[in-house]
Amino acid sequence: MNVIDFHSHVLPQVDDGSASVEESVAMLRAEAAQGIQAVVATPHFYAHNDSPERFFARRDAAFRSLMATVATESNLPAVRLGAEVYYFSGISHSEILSDLTVDGSHFILVEMPMSPWTEAMYRELYDIRSKQGLTPILAHIDRYLTPFNRHRIFKRLSELPVLIQANASFFLQRSTRRTALQLLERDYIHLLGSDAHDMQSRMPNLGEVGRLITEHLGEDALSRIGNYQDAVLRG
């Protein structure tokens, strides 16, 4: 199966991710060496301190610059545009969500707050689908397992029309690997991402995860992720 990185800050000089086109190219080369076929560029979007116009101008200019630089290179992963949209009150009513989706699909990557989620937040996630026809993908779910009761959060999320993305580090760290595999086996994890920001401290690291999943859970678990990947990119 072709593993897709659904969470990456590979675009240069857009947010706290890649600092230059050269670093972005190095990140894509690292993804290619790990067998990753496509990377979804998901720069941060914070509605409370950024305007859609400024965000799209930065994102699209960075994308064009990166694509111009890699045009002569072969075998690099395809780069697809998206955004990591930080949750905000009223998100389900926002007119800009459809422009922030993954590759123009009906799926949108949403970063939730680190504080406990309220009933209003759960309702907003439900209403993103019911009011706008968009399916939220919850970013790096592994970040919320320590501060929250993980059984409660997954029970609630299983009742919502959402997909769940986990970071590669969740599977790669020995202290969390068992939990990550258990959640994947229960179909609580649907998509994978590196959440890579640079080539120093938060490098692309998704390549090893596919092997780990196959080794511990078999080909069927990886194929299930492939089915979710295909569903998202089909729109």
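When the residues of the stretch 85-116 are filtered to those that are assigned to a strand (DSSP E or B) and touching a helix residue (DSSP H, G or I) at 6+ places or on another chain (Cβ under 8 Å), which remaining residue is farthest from LEU192 (Cα to Cα)? Walk me through how you get there before you give the answer.
Filtering the stretch 85-116 for residues assigned to a strand (DSSP E or B) gives 85-86, 107-111.
From what is left, the residues that are touching a helix residue (DSSP H, G or I) at 6+ places or on another chain (Cβ under 8 Å) are 85, 107-110.
Values: VAL85: 17, PHE107: 15, ILE108: 14, LEU109: 12, VAL110: 14 Å.
That would be VAL85.
Against the definition (of a type outside the set (Asp, Glu), exposed (fewer than 14 other Cβ atoms within 10 Å of the Cβ) and under 21 Å from the mean Cα position of the chain (by Cα)), how does GLY104 come out, yes or no?
Details: of a type outside the set (Asp, Glu): yes; exposed (fewer than 14 other Cβ atoms within 10 Å of the Cβ): yes; under 21 Å from the mean Cα position of the chain (by Cα): yes.
So GLY104 fits the description; yes.
All but one of (1) under 19 Å from ARG202 (Cβ atoms); (2) surrounded by 14 or more Cβ atoms within 10 Å (Cβ to Cβ) hold for LEU76; which doesn't?
(1)
Residue by residue through the stretch 131-177, note down the ones that are without any contact (Cβ under 8 Å) to a residue 12 or more places away in the chain and of a type in the set (Gly, Ala, Ser).
Going residue by residue through the stretch 131-177, those that are without any contact (Cβ under 8 Å) to a residue 12 or more places away in the chain are 146, 149, 151-152, 155, 159, 173-175.
Correct list: SER175 only.
If you check ALA57 against the conditions, is it crowded, with 16+ Cβ neighbours inside 10 Å, over 25 Å from ASN2 (Cα atoms) and at pLDDT 95 or above? Before you say what the answer is, go through the steps one by one.
Values: crowded, with 16+ Cβ neighbours inside 10 Å: no; over 25 Å from ASN2 (Cα atoms): yes; at pLDDT 95 or above: yes.
So ALA57 does not fit the description; no.
Condition test on SER8, is it open to solvent by less than 10 Å² (accessible area, probe 1.4 Å), at pLDDT 95 or above and within 17 Å of LEU109 (Cα to Cα)?
Values: open to solvent by less than 10 Å² (accessible area, probe 1.4 Å): yes; at pLDDT 95 or above: yes; within 17 Å of LEU109 (Cα to Cα): yes.
In short, yes.
Counting just the residues of the stretch 38-48 that are at pLDDT 95 or above and open to solvent by 20 Å² or more (accessible area, probe 1.4 Å), which one comes out farthest from VAL3 (Cα to Cα)? Quick ask: steps written out before the conclusion?
Narrowing the stretch 38-48 to residues at pLDDT 95 or above: 38-47.
Still in the list and also open to solvent by 20 Å² or more (accessible area, probe 1.4 Å): 44, 46-47.
Details: HIS44: 22, TYR46: 28, ALA47: 30 Å.
The qualifying residue farthest from VAL3 (Cα to Cα) is ALA47.
Among the residues in the stretch 84-96, are any open to solvent by 50 Å² or more (accessible area, probe 1.4 Å), of a type in the set (Phe, Trp, Tyr) and either in contact with a Cys (Cβ under 9 Å, 6 or more places away or on another chain) or closer than 21 Å to ASN167 by Cβ (or both)?
Yes, the stretch 84-96 has at least one match.
The values are calculated or read from the model by the stated rules, or taken from the named source; none is laboratory data. Everything numeric here is computed off the predicted structure, so don't read it as measured data. Cβ sites come from the backbone with ideal geometry, for glycine too, and all protein chains shown count toward neighbours. What goes into the accessible areas is simple: the full protein's heavy atoms, side chains included, and nothing from ligands, DNA or RNA. Shrake-Rupley method; radii C 1.70, N 1.55, O 1.52, S 1.80 Å.
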